[in-house]
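> Below is the structure I would like to discuss, written out as structure tokens.
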Amino acid sequence: MLLGGFRAVTARGIRNRLLATLPPSDFGLLAPELETVTLEQDAVLSRAGDQIEHVFFPHSGAISLMFDMANGQTVATAGVGREGAVGVLSVLGPSPSAITAIVRAAGTASRIPASRFHAAFNRSPAIRHAIQMHMRAMLIQFQLGTACNALHPVQARMARWLLHFRDHIDHDVLPLTQEALSQILGVRRTTVTLLMRNLRASGAIRSDRRGQIEIDRSRLAAVACECHDTQRLVVEEIFAMNTA
């Protein structure tokens, strides 16, 4: 169910890096409308074909942006955590969402109605600059993901996604099912089972309990393609340029 699993929580400060770049006066344009919510695992933040109702700025957790094919197959095009936002492309104009955003690791986020965010976006050059920074990072991630899906073996791609989620939850035990990984990678569940067996044999995965995958970060990094490090460097460079 869309937006299933949300409940209001008390705000505990802003840990989203995108919001943290805003000067106090510009953040003040958003603050009265921001609501802190929990992101329950497997909750759908937006669904392809629906109008975007809210913009989310994660403080913790991890979200995958999924592209749905007509035959029912899916593949992840990008991931979002506390460095970014979900739904900000709605500032380009009213149009249905092209992707489905699914929470893969539970966390918290600041949520604001899309219409309220658009009003603040139009008033604040600082907010516009922050969103341009985010869109640049996302565009690079989309381009990198396209190249990675076309050129790199599926085992290297799975290792990259596992490291991506590990970066966002800061823990070696990842709350991921094999079914979720098959949706993210766009492969059959049986393929994921085989890949997990190979990673366990190499020591990159210590255990694969039901709904939880414990990884060895250094060994998993040896299996992953270079796209994981490239993506991290791009994000840090963009934030460093903004700070400068």
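> Please work out the C-alpha center-to-center distance from segment 189-238 to segment 12-44 and express it in whole Å.
One Cα centre to the other: 30 Å.
> Moving to a separate point now. Enter the accessible area per residue of segment 1-136 (Å², integer; probe 1.4 Å; all protein chains in place).
On the way: 6320 Å² over 136 residues.
Result: 46 Å² per residue.
> What is the spin-label model distance, in nm, from residue 234 to residue 115 if the labels are put 7 Å beyond Cα along the C-beta direction?
3.5 nm
> I've got another one for you. What ³J(HN,Hα) values, in whole Hz, does the Karplus curve 6.51 cos²θ - 1.76 cosθ + 1.60 give for segment 38-46 when θ = phi - 60°, with x put for Gly and Pro?
8, 9, 6, 4, 6, 5, 9, 7, 8
> Residue 20 to residue 190: extension gain in nm, 0.36 nm per residue of separation minus the Cα-Cα distance? Numbers along the way, then the final one.
Working: separation 170, 0.36 × 170 = 61.20 nm, distance 4.22 nm.
Contour length minus the Cα-Cα distance gives 57.0 nm.
> Could you tell me the relative contact order of segment 131-244? Use alpha-carbon pairs under 8 Å, at least six residues apart, and round to a whole percent. Walk me through the numbers on the way to the answer.
Numbers: 109 pairs, mean separation 38.3, N = 114.
Here the relative contact order equals 34 percent.
> Taking every DSSP beta bridge that has both residues in the chain, what percent is antiparallel when rounded to the nearest 5? Don't skip to the end; give the middle numbers.
Details: 31 of 32 bridges.
Percentage antiparallel, nearest 5: 95.
> What number, in percent, do you get for the relative contact order of segment 37-81 if the mean sequence gap of Cα pairs under 8 Å and at least 6 apart is divided by its residue count?
Details: 35 pairs, mean separation 14.0, N = 45.
That works out to 31 percent.
> Carbon-plus-sulfur fraction of the accessible area of the chain, 1.4 Å probe, in percent?
C and S atoms contribute 54 percent here.
> Would you tally the net charge around residue 129, using a Cβ to Cβ cut-off of less than 15 Å, leaving residue 129 out, and scoring K and R as +1, D and E as -1? Present the calculation step by step, with values, prior to reporting the outcome.
Numbers: positive: 17, 123, 128, 136; negative: 26.
Summing Lys and Arg as +1 and Asp and Glu as -1 gives +3.
> So what is the relative contact order of the chain, in percent, for Cα pairs below 8 Å that sit 6 or more residues apart? Don't jump to the answer; show the numbers that get you there.
On the way: 438 pairs, mean separation 48.8, N = 244.
Answer for the chain is 20 percent.
> Now, a different point. Per DSSP H run of n ≥ 4, the term is -39500 (n - 2.57); total these for the chain, divide by its residue number, and report the mean residue ellipticity at 222 nm rounded to 500 deg cm²/dmol. Write out the running numbers ahead of the final one.
On the way: 9 runs with 110 residues, N = 244.
Rounded to the nearest 500, it is -14000 deg cm²/dmol.
> Given labels modelled 7 Å from the Cα in the Cβ direction, how far is it in nm from residue 206 to residue 35?
Here the answer is 3.9 nm between the modelled labels.
The values are calculated or read from the model by the stated rules, or taken from the named source; none is laboratory data. Here the structure is a predicted model, which is why all the values come from computation and not from measurement. Reconstructed Cβ throughout: ideal geometry from the backbone, glycine too, with neighbour counts over all protein chains shown. What goes into the accessible areas is simple: the full protein's heavy atoms, side chains included, and nothing from ligands, DNA or RNA. Shrake-Rupley method; radii C 1.70, N 1.55, O 1.52, S 1.80 Å.
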